[in-house]
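Participant: Pasting a structure below so you can have a look.
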Amino acid sequence: MTQQDTTRTPPSIIAAILGVSLVASLFLAWLVYYHPPTDAAGHHLAFLPELDAVLNAICAIFLINGFRHIRARRIAAHRNSMFAAFIVSSAFLVAYIANHVLHGDILFPTTHPTARLIYLWVLLLPHILLAVVALPMILITFFLSLTGRFPAHKKLARYTFPIWLYVSVSGVVVYAMLAAYR
């Protein structure tokens, strides 16, 4: 065990990560629910929803690979997979913001009330809530890893991984349901 393993993470670092996560979540909520789209007709970058789904799927693959690598004690491969998942998730976030700036929010049609109910309450609500929770967890988990606090990293990663994976996979399902019922 190294010296860094026993060092507590400064509360100011955790507070900064939580603050950045809160500001990012509030910005995204404003963007999705209050910002008027600049290209509501969808003429520019119409491929962004599909790109978001693809990026979420790729992220899920990297997350699963990272999990498999750490279970097999392949630390370098695990680290590479997790960095790839982080980069793909970051690209997703950029594409997601661009999509909502341009096109706004896509609403599930009211012509399918049962499917809409399932979509909103069973899929979308948990997806959104867990995405908000996942952001600071991912950042803190990465911070712990990058600063060599591996026991704390491992403890938090046990919760971060399934939440992050759920958000990535459910993001693909959100896209698929919207596409199927449009």
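The values are calculated or read from the model by the stated rules, or taken from the named source; none is laboratory data. Note that the structure is a prediction, hence the values are computed from the model and not measured. Note: ideal-geometry Cβ built from the backbone for every residue, glycine included; neighbour counts use all protein chains shown.
Participant: Would it be correct to say that residue 61 is farther than 14 Å from residue 161 by Cβ, among the β-branched types (Val, Ile, Thr), free of Cβ contacts under 8 Å to residues at least 24 places away in the same chain and out of contact with any helix residue (DSSP H, G or I) (no Cβ under 8 Å at 6 or more places or on another chain)?
Facilitator: It is false that residue 61 is farther than 14 Å from residue 161 by Cβ, among the β-branched types (Val, Ile, Thr), free of Cβ contacts under 8 Å to residues at least 24 places away in the same chain and out of contact with any helix residue (DSSP H, G or I) (no Cβ under 8 Å at 6 or more places or on another chain).
Participant: Being over 11 Å from the mean Cα position of the chain (by Cα) and within 22 Å of residue 146 (Cβ to Cβ) is the filter here, so list the residues in the range 88-111 that pass it.
Facilitator: 94
Participant: Please identify the pairs in which a residue from the range 37-58 that is at negative phi and among the small types (Gly, Ala, Ser) has its Cβ atom under 7 Å from the Cβ atom of a residue that is modelled with pLDDT under 95 and part of a loop (DSSP other than H, G, I, E, B), counting only partners at least 6 apart or on another chain.
Facilitator: Listed by first residue and then by second, the contacts come to 40/104.
Rundown of residues vs (1) at pLDDT below 95; (2) aliphatic (A, V, I, L, M), yes/no style:
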| position | (1), (2) |
| --- | --- |
| 54 | no, yes |
| 61 | no, yes |
| 70 | no, yes |
| 95 | no, yes |
| 100 | yes, no |
| 107 | yes, yes |
| 127 | no, no |
| 142 | no, no |
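Participant: Looking at 125, 144, 129, can you tell me which residue is under 21 Å from residue 19 (Cα atoms) and within 17 Å of the chain's Cα centre (by Cα)?
Facilitator: After ruling out the rest, the residue left standing is 129.
Participant: For the range 20-37, enumerate the residues that are hydrophobic (A, V, I, L, M, F, W, C), surrounded by 13 or more Cβ atoms within 10 Å (Cβ to Cβ) and more than 15 Å from residue 96 (Cα to Cα).
Facilitator: Scanning the range 20-37 gives 20, 22.
Participant: Taking the condition surrounded by 15 or more Cβ atoms within 10 Å (Cβ to Cβ) and either among the charged types (D, E, K, R) or without any contact (Cβ under 8 Å) to a residue 12 or more places away in the chain (or both), does residue 68 pass? Spell out the reasoning first.
Facilitator: Details: surrounded by 15 or more Cβ atoms within 10 Å (Cβ to Cβ): no; either among the charged types (D, E, K, R) or without any contact (Cβ under 8 Å) to a residue 12 or more places away in the chain (or both): yes.
No; evaluated as a whole, the condition is false for this residue.
Participant: Something else: Checking the structure you have, find out if any residue of the range 103-110 is touching a helix residue (DSSP H, G or I) at 6+ places or on another chain (Cβ under 8 Å) and more than 22 Å from residue 47 (Cα to Cα).
Facilitator: There is at least one residue in the range 103-110 that is touching a helix residue (DSSP H, G or I) at 6+ places or on another chain (Cβ under 8 Å) and more than 22 Å from residue 47 (Cα to Cα).
Participant: Please list, ordered by residue number, the helices (runs of 4 or more DSSP H) wholly in the range 75-182 having 2 or more residues that are without any contact (Cβ under 8 Å) to a residue 60 or more places away in the chain and surrounded by 13 or more Cβ atoms within 10 Å (Cβ to Cβ).
Facilitator: 75-103, 125-146, 150-181
Participant: Taking the range 149-182, which residues are of a type in the set (A, V, I, L, M) and more than 18 Å from residue 136 (Cα to Cα)?
Facilitator: Selection gives 169, 172, 173, 174, 176, 177, 178, 179, 180.
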